[in-house]
Amino acid sequence: MKKILFLTGLAVSLWSSPALAQTSSGSTALVRIRESDGWSNVVITYGPGKTEMLELLQNPGKKGQIANAEQLQAIFDKLLVAGYVLQGSIDSPTTSTLIFRKP
């Protein structure tokens, strides 16, 4: 149901603002946070060939959870300083995808 609502919203936004669909490359960044049994990682992409992956601490305990949260905070700060603004998110049981765009 979430996917249907998201796709409908995306279609409406592209229909009402066609200029957004024609933006130049580098104006969108995706952050995908994946957590599963025993592993976690973050993939950040700014487009083809501009992707980085970070491994988070596994089964971290209290100190590891703090370190992982600080690592995520650094990623978000980097995007905000670069001029990106959070536009939306897509969640599933093991993956969260955050969509950032430059205005």
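The values are calculated or read from the model by the stated rules, or taken from the named source; none is laboratory data. Since the structure is predicted, the reported quantities are computational estimates derived from the model, not experimental observations. Cβ: placed from backbone, ideal geometry, glycine included. Neighbour counts: every protein chain shown.
Can you say whether I44 is in contact with a helix residue (DSSP H, G or I) (Cβ under 9 Å, 6 or more places away or on another chain) and of a type outside the set (S, T, Y), as far as the supplied structure shows?
Numbers: in contact with a helix residue (DSSP H, G or I) (Cβ under 9 Å, 6 or more places away or on another chain): yes; of a type outside the set (S, T, Y): yes.
Yes, satisfied.
Counting only residues that are surrounded by 12 or more Cβ atoms within 10 Å (Cβ to Cβ) and modelled with pLDDT under 90, how many does the stretch 21-38 have? So the answer is 1.
Figure legend. Inter-residue proximity from the stretch 70-86: first residues of a type in the set (A, V, I, L, M, F, W, C), second residues part of a loop (DSSP other than H, G, I, E, B) and exposed (fewer than 12 other Cβ atoms within 10 Å of the Cβ), beta-carbon distance below 7 Å, spacing 6+ or different chains. Indicated pairs: V85/P103.
State the number of residues belonging to the stretch 81-102 that are small (G, A, S) and either over 9 Å from the mean Cα position of the chain (by Cα) or not in a strand (DSSP E or B) (or both).
In the first step, residues of the stretch 81-102 are kept if they are small (G, A, S); the result is 82-83, 88-89, 92, 96.
Among the residues that remain, those that are also either over 9 Å from the mean Cα position of the chain (by Cα) or not in a strand (DSSP E or B) (or both) are: 82-83, 92.
Here the count works out to 3.
Identify the residue in the stretch 39-68 that is in a loop (DSSP other than H, G, I, E, B) and of a type in the set (G, A, S) and, among all such residues, is surrounded by the fewest Cβ atoms within 10 Å (Cβ to Cβ). Step through it out loud before you land on a result.
In the first step, residues of the stretch 39-68 are kept if they are in a loop (DSSP other than H, G, I, E, B); the result is 46-50, 56-60.
Retained after the next criterion (residues that are of a type in the set (G, A, S)): 47, 49.
Details: G47: 13, G49: 6.
So, considering only residues that are in a loop (DSSP other than H, G, I, E, B) and of a type in the set (G, A, S), the one surrounded by the fewest Cβ atoms within 10 Å (Cβ to Cβ) is G49.
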